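Read through the structure below, which is laid out as structure tokens, and then see the notes.
The values are calculated or read from the model by the stated rules, or taken from the named source; none is laboratory data. Quick caveat: nothing in here was measured; it's all calculated off a predicted structure. Ideal geometry is used to build each Cβ from the backbone, glycine not excepted, and the neighbour counts take in all protein chains shown.
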């Protein structure tokens, strides 16, 4: 059983919902990420999604694009992201870490370090899951098998436009959890319609029998609590990035903790 599944199973047994914050690795300072990750866990994060900076993201809105550009300018690539996970694991061997990003950095890593180097090195670093936005499920069976053999889950996105066929395809390959994108558009765009989310999740669960997390458009305790009523997990990214982007180095983790604590409390209320 992966660390992600164990965590989500334990929360379900307690009648609680998972809080999954997203931050871009190496943002807003190149060396801040392990400290920030520990702070988020202290504030109640159950799983951490760590964004791998990429120059041409297709699913990320302006806030996360800007964060990625800043991290890239600081020299943060996939090798540095894996080093951050290793540093985090020196003090925390329980909290699942999911890398979220795009195919190009992963495939480039394998070109540089040898076939299957990413899977090998991610597992060694302590990564628990991988979400690659532009890997469709029908092309991922072998990759999913390699990840699973190394104790890692392959996570997929579903959207309001996803067909029943796409849900079935994702269900055949996905593990850990499925990430439902609550809005048509990129991260940080639009206004969350909780009624639409509530109507969509039963459709997804007809095909997907692992936990469903919901993200895109969740900005505060109120929206998190509303989504937590129907989802297994709440993912929050763009608003968190905005909270930390202008903080001085010594305040980054504290600002993230101050933001996440009321969201954790709302989910547990």
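Scanning for something in a strand (DSSP E or B), closer than 25 Å to residue 61 by Cα, in contact (Cβ under 8 Å) with a residue 12 or more places away in the chain and touching a helix residue (DSSP H, G or I) at 6+ places or on another chain (Cβ under 9 Å), does the stretch 130-143 turn up at least one residue?
yes
Confirm whether residue 60 is in contact with a strand residue (DSSP E or B) (Cβ under 9 Å, 6 or more places away or on another chain) and modelled with pLDDT of 95 or more.
Judged against the criteria, residue 60 is not a match.
Mind checking which pairs have a first residue in the stretch 81-102 that is on the phi < 0 side of the Ramachandran plot and without any contact (Cβ under 8 Å) to a residue 40 or more places away in the chain and a second that is buried (at least 19 other Cβ atoms within 10 Å of the Cβ) and not in a helix (DSSP H, G or I), Cβ under 6 Å, 6 or more apart or different chains?
From residues that are on the phi < 0 side of the Ramachandran plot and without any contact (Cβ under 8 Å) to a residue 40 or more places away in the chain, the pairs are 89/126.
Go over the candidates 217, 151 one by one and state the one that is farther than 26 Å from residue 122 by Cβ, in contact with a helix residue (DSSP H, G or I) (Cβ under 9 Å, 6 or more places away or on another chain) and not in a helix (DSSP H, G or I).
Only one candidate passes the filter, namely 217.
Can you tell which of 61, 75, 51 is in contact with a helix residue (DSSP H, G or I) (Cβ under 9 Å, 6 or more places away or on another chain) and closer than 24 Å to residue 120 by Cα?
The conditions single out 51.
Hey, can you tell me all the residues within the stretch 58-79 that are in a helix (DSSP H, G or I) and buried (at least 18 other Cβ atoms within 10 Å of the Cβ)?
63, 64, 65, 67, 68, 70, 71, 78, listed by residue number.
Check 44, 26, 15, 39 and return the single one that is in a helix (DSSP H, G or I) and within 26 Å of residue 217 (Cβ to Cβ).
Of the residues listed, the single one that is in a helix (DSSP H, G or I) and within 26 Å of residue 217 (Cβ to Cβ) is 39.
Scan the stretch 1-15 and report the pairs whose first residue is loosely packed, with under 13 Cβ neighbours inside 10 Å and whose second residue is assigned to a helix (DSSP H, G or I), with Cβ atoms within less than 9 Å and a gap of 6+ or a chain change.
Pairs that qualify, where the first residue is loosely packed, with under 13 Cβ neighbours inside 10 Å and the partner is assigned to a helix (DSSP H, G or I), are 1/9.
Condition check: over 18 Å from the mean Cα position of the chain (by Cα) and within 22 Å of residue 21 (Cβ to Cβ). Does residue 201 satisfy that?
It is true that residue 201 is over 18 Å from the mean Cα position of the chain (by Cα) and within 22 Å of residue 21 (Cβ to Cβ).
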